[in-house]
Amino acid sequence: MSTLKSFLRVHIPLVNRFGSTVLQLRSFSSKMKFDKCSTTSGSISADCLAKWNADFQSDKKNILAANSVCQSDVADVLINRNAVVLHTDAGFNTRMSYDEAKVTDQKSTGRCWLFAATNIYRLRFIKKFNLEDNFELSQSYLFFWDKLEKSNYFLENIIQTRNEPLESRIVHHLLSTPINDGGQYDMFVNIIEKYGIVPKSAFPETKHSCNSRRLNDLIIAKLREFAMELRDCSGDVQKLKDAQMTVIYRIMVIFFGVPPSKFTWGFRDKKEKQYFEHTVSPHEFATKFVAFDTGDMISLISDPRNEYYKLYTVEYLGNIVGGNPVRYVNVPIDELSKYAAKTIAGGDPVWFGCDVGKHFSRDLHIMDLEIFDYNLVFGTELAQNREQRLRYGQSLMTHAMVLNAFHGDAEKVTRWRVENSWGDKANKGFATMTHEWFKQYVYQVVVNKSVLPSKITDVLSQTPIAFPAWDPMGSLA
């Protein structure tokens, strides 16, 4: 408190007519000496506060920056117009032959990984059956089964770790987030293989498939309660878990409705105007109509902390007990880019995972390391490199989207076109990404093994090296 009083005695708060407070030194402050400013004792002294404020006030640019940021969204103040101009009407010389479909919207959920995956396959479906561009596969159908299976997966992990101390790091990790909306491509494959898929018309959205907060709040509360019961149980834990899962299923059906076991799908060919109707199961629809090639897809990551051309997995990461584990082949970032570009050049879009919150203008849908000028406004840069950000918790995978075009060639891409799933308000739902941004913040791409050399595909025969559950490569898009 004494430090605060000393600081206040040195400064006069002046409140302007807009209501912002400006701290201005007394007239004698320019004559003051600040030789005693030091934080070696561990605390911040009044001398330090006075010196820092004098330094701040001595540069009029700081005052301008403060006035601007206090009254505006900082993202608007940081915008670098030169970078914006470079993205205006930016073209792409390599794009898929068919890439135009109505942009989707995941609404207030973390289902980006499911939207990115279904957006890839619906393009093939639209082209194959000559459908209107607003056709969608049911993301809520996949979401239902993912939530149910993740709940079971969590409870099984609790059973496996019930002899660990409650305060252990792994139990703490499991209880911190029993389930969430995010996922990985291999988890998408698991759902398709077990439950198939349906068109959106057969299992449309509900209020809570579009806004999952209250659903998650309830299920997470019950799962933590169930975890306590399982850890305290002296009897048959599997019998207890069965009763618990009955409750979870009931909650899910109340929020979503019952997923169909069979459905009748009717569609009209937009060219021939003929109407077709088929009664099928979700599995039949997935195999006969959508023709998923999930078994041929490989997840490549680029993690500079760890050895390249090795197979990795993550402990306790998954959604279906007994399903495919999440597996990654680690490659240098240039190879991640090269095989993504080769896939697009071959006519297919690419599912990818990135840290979307960095150097990204949501309003303009631009991903560019130069889009925000931190040095101009704050007098400092963000200096960590890719590896350092991963090691110090400053970056991880937060979002999945689709790459469907690029400019340049496979060996030297300059920019990418990105299909997002946040609706069409910003740039019609598509983003432009510089290749420099790709090299810093794209962590994963999923490509068909047919575009990869044996040096990479042979890695799949290795025994995977397991990252701990809390590793950034275990984050969910």
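The values are calculated or read from the model by the stated rules, or taken from the named source; none is laboratory data. From a predicted model like this one, the values you see are computed outputs, not experimental measurements. Here Cβ is always computed from backbone atoms with ideal geometry, including for glycine, and neighbour counts include all displayed protein chains.
Report yes if residue 353 is in the same structural domain as residue 148 (by TED's automatic domain parsing), crowded, with 23+ Cβ neighbours inside 10 Å, of a type outside the set (A, V, I, L, M, F, W, C) and closer than 22 Å to residue 305 by Cβ, otherwise no. Let's see the steps before the verdict.
Numbers: in the same structural domain as residue 148 (by TED's automatic domain parsing): yes; crowded, with 23+ Cβ neighbours inside 10 Å: yes; of a type outside the set (A, V, I, L, M, F, W, C): yes; closer than 22 Å to residue 305 by Cβ: yes.
Taking the combined requirement at face value, the residue satisfies it.
Restricting the range 187-200 to residues that are assigned to a loop (DSSP other than H, G, I, E, B) and among the β-branched types (Val, Ile, Thr) leaves a set whose member that is surrounded by the most Cβ atoms within 10 Å (Cβ to Cβ) is 197. Checked against (1) farther than 30 Å from residue 342 by Cα; (2) out of contact with any Phe, Trp or Tyr (no Cβ under 6 Å at 6 or more places or on another chain); (3) modelled with pLDDT under 85; (4) not aromatic (Phe, Trp, Tyr), residue 291 passes all but a single condition, namely (1). The criterion of at least 3 residues that are over 38 Å from the mean Cα position of the chain (by Cα), at pLDDT below 50 and among the aliphatic types (A, V, I, L, M) is met by the following helices (runs of 4 or more DSSP H) wholly inside the range 2-89: 2-10.
For beta carbons closer than 8 Å, sequence separation of 6+ or different chains, a first residue in the range 362-382 that is touching a residue at least 60 places away in the same chain (Cβ under 8 Å) and among the basic types (Lys, Arg) and a second that is surrounded by 15 or more Cβ atoms within 10 Å (Cβ to Cβ) and part of a loop (DSSP other than H, G, I, E, B), the qualifying pairs are 362/426.
Is there a residue in the range 161-184 that is among the acidic types (Asp, Glu), in the same structural domain as residue 270 (by TED's automatic domain parsing) and in contact with a Phe, Trp or Tyr (Cβ under 9 Å, 6 or more places away or on another chain)?
Filtering the range 161-184 for residues among the acidic types (Asp, Glu) gives 164, 167, 181.
Imposing the further condition that a residue be in the same structural domain as residue 270 (by TED's automatic domain parsing) reduces the set to 164, 167, 181.
Checking which are in contact with a Phe, Trp or Tyr (Cβ under 9 Å, 6 or more places away or on another chain) leaves us with 181.
Scanning the range 161-184, I find at least one residue that is among the acidic types (Asp, Glu), in the same structural domain as residue 270 (by TED's automatic domain parsing) and in contact with a Phe, Trp or Tyr (Cβ under 9 Å, 6 or more places away or on another chain), so the answer is yes.
Restricting to the range 201-232, what's the tally of residues that are of a type in the set (S, T, N, Q) and part of a helix (DSSP H, G or I)? Total meeting the criteria: 3. Note on the range 156-172: residues that are more than 16 Å from residue 236 (Cα to Cα) and among the basic types (Lys, Arg) amount to 1. Within the range 357-401, restricting attention to residues that are farther than 24 Å from residue 448 by Cα and among the β-branched types (Val, Ile, Thr), the residue that is surrounded by the most Cβ atoms within 10 Å (Cβ to Cβ) is 366. Checked against (1) of a type outside the set (D, E, K, R); (2) assigned to a helix (DSSP H, G or I); (3) surrounded by fewer than 21 Cβ atoms within 10 Å (Cβ to Cβ); (4) in contact with a strand residue (DSSP E or B) (Cβ under 7 Å, 6 or more places away or on another chain), residue 336 passes all but condition (3).
Can you work out which of the residues in the range 201-217 that are under 21 Å from the mean Cα position of the chain (by Cα) and among the small types (Gly, Ala, Ser) is surrounded by the most Cβ atoms within 10 Å (Cβ to Cβ)? Per the stated criteria, the residue is 209. Residue count for the range 258-277 satisfying the condition of being closer than 30 Å to residue 225 by Cβ and either surrounded by 15 or more Cβ atoms within 10 Å (Cβ to Cβ) or touching a Pro at 6+ places or on another chain (Cβ under 9 Å) (or both): 1.
Filter the range 234-244 down to the residues that are surrounded by 15 or more Cβ atoms within 10 Å (Cβ to Cβ) and either part of a loop (DSSP other than H, G, I, E, B) or touching a residue at least 40 places away in the same chain (Cβ under 8 Å) (or both) and list them by number. Steps first, please.
Restricting attention to the range 234-244, the residues satisfying the condition of being surrounded by 15 or more Cβ atoms within 10 Å (Cβ to Cβ) are 237, 240-241, 244.
Listed by number, the residues that qualify are 237, 241, 244.
Looking across the range 292-316, the residues that are in contact with a strand residue (DSSP E or B) (Cβ under 7 Å, 6 or more places away or on another chain) and β-branched (Val, Ile, Thr) come down to 298, 301, 313, 314.
Of the residues contained in the range 150-163, none is found to be assigned to a helix (DSSP H, G or I) and either closer than 20 Å to residue 401 by Cα or touching a Cys at 6+ places or on another chain (Cβ under 8 Å) (or both). Pairs linking a residue in the range 163-186 that is more than 30 Å from residue 140 (Cβ to Cβ) and surrounded by 13 or more Cβ atoms within 10 Å (Cβ to Cβ) to a residue that is among the polar types (S, T, N, Q) and at pLDDT 95 or above, with Cβ atoms under 7 Å and 6 or more positions apart or on different chains, are 170/161; 171/161.
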